[in-house]
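Computed from the coordinates by the stated procedures, all read-outs in this text should not be read as laboratory data. Note that the structure is a prediction, hence the values are computed from the model and not measured. Cβ atoms come from the backbone with ideal geometry, glycine included; neighbour counts cover every protein chain shown.
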Amino acid sequence: MNKFLDLLKETRNGKTIARTLFNWEVAEKVQNITGVIVDLGGGKNPSYRRYWDIKPEKFIRVDISDDALPDIAADINKSLPFSDNFADAVFLFSVIYIVEDPTKVLSEIYRILKPGGKLFLTSPFIFNEAREPDDYYRFASQGLYKILKDAGFKEFSIKPIGERFTAAAYLLTSFMFFWPIKFIFYSTTILFDKLIPKKFKSKYPAPIGYFVTAEKR
């Protein structure tokens, strides 16, 4: 994937820098996923579905809103409507911050995953308040570590997405009305993020959010 051209296309289509960076991570991490796959709270037609490579035996979309045309309409704040050891993979993209009890939701995901099954999760950090219909949490990496551990996960990675320049670009997006200006701004801030010393980023991280890959053992 040519990221420069993809950034151009996605910016022209109205996608924010946050959405584009998260989708690039999906393109890298969500590859050759097979078996029974559950997508929780994804909505009707999220852009990340254009980036993954999945070959499901069964693909189940779960959403609380009938407008999203889900396969199963359900409130993920309650028990998930699946048996133990049901799914080979679960997607929870940009949802963890709007649930009432994140540890409970992750515990339910752990329950329905088969041994060796994987969870793919994105979580915003520097992000505007977005009531969808609610907005409760912004997790730092240590917060994500804790709720994953408390839910039963032992094997996982937590990767920061973006840094303070792209985070600032995201926050300022609403004040920019022409996509070419956004594209130039986004491109510049991606470059500036790369110039931040790794030691500084590891000690004082300020990402747009985090991408989590976890496995049930």
Indicate the gyration tensor shape class of segment 1-108 (rounded, prolate or oblate), computed on the Cα atoms with a ≥ b ≥ c the square roots of the eigenvalues: a/c under 1.5 is rounded; otherwise a/b larger than b/c is prolate and the rest oblate. prolate
Report the extension gain between Glu57 and Glu129 in nm, rounded to one decimal, defined as 0.36 nm multiplied by the number of residues separating them, less their alpha carbon distance. 22.3 nm
When ranked by the protection proxy of mean other Cβ atoms within 10 Å per residue, highest first, what sequence do the peptides 35-44, 7-16 form? 35-44, 7-16
Write down the Kirkwood hydrodynamic radius of segment 118-217, to one decimal in angstroms, obtained as one divided by the mean of 1/r over all alpha carbon pairs. 15.0 Å
The summed charge of the Pro124 Cβ neighbourhood (under 12 Å; Lys/Arg +1, Asp/Glu -1) stands at -1
Could you check which residue among Phe183, Phe156, Phe175 shows the biggest mean-square fluctuation in a GNM of the chain with a 10 Å Cα cutoff? Phe175
So how far apart, in nm, are the two label points at Ile64 and Ser79 if each is 7 Å from Cα heading toward Cβ? 1.9 nm
Specify whether the C-alpha gyration tensor of segment 66-166 places it in the rounded, prolate or oblate class, a ≥ b ≥ c being the square roots of the eigenvalues: rounded for a/c under 1.5, otherwise prolate if a/b is larger than b/c and oblate if not. oblate
Taking the Cα atoms only, what angle lies between the long axis of helix 102-112 and the longest principal axis of the chain, rounded to 10 degrees? 50 degrees
How big is the dipole moment of the chain about its Cα centre under a simple scheme where the beta carbon of each Lys and Arg is +1, that of each Asp and Glu is -1, and everything else is neutral? Debye, nearest 20, please. 960 debye
Among residues other than Glu25 whose Cβ falls under 12 Å from its Cβ, what is the net charge (Lys/Arg +1, Asp/Glu -1)? +3
Model label zone, Thr34; criterion: amide N under 14 Å from point 7 Å along Cα-to-beta-carbon; scope segment 77-121: 88-89
Quick check: the angle from helix 179-195's long axis to the longest principal axis of the chain, C-alpha only, nearest 10 degrees? 80 degrees
Check cross-link reach from Lys3 to the lysines: straight Cα distance under 28 Å, and skip same-chain residues fewer than eight apart. Lys15, Lys29, Lys44, Lys55, Lys118, Lys159, Lys182, Lys194, Lys198, Lys199, Lys201, Lys203
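Please give me the summed charge of the neighbours of Asp193: other residues whose Cβ is under 9 Å from its Cβ, Lys and Arg +1, Asp and Glu -1.
In short, +2.
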Using a simple charge model, +1 on the beta-carbon of Lys and Arg, -1 on the beta-carbon of Asp and Glu, nothing else, what dipole does segment 8-76 show about its Cα centre, in debye to the nearest 20? 400 debye
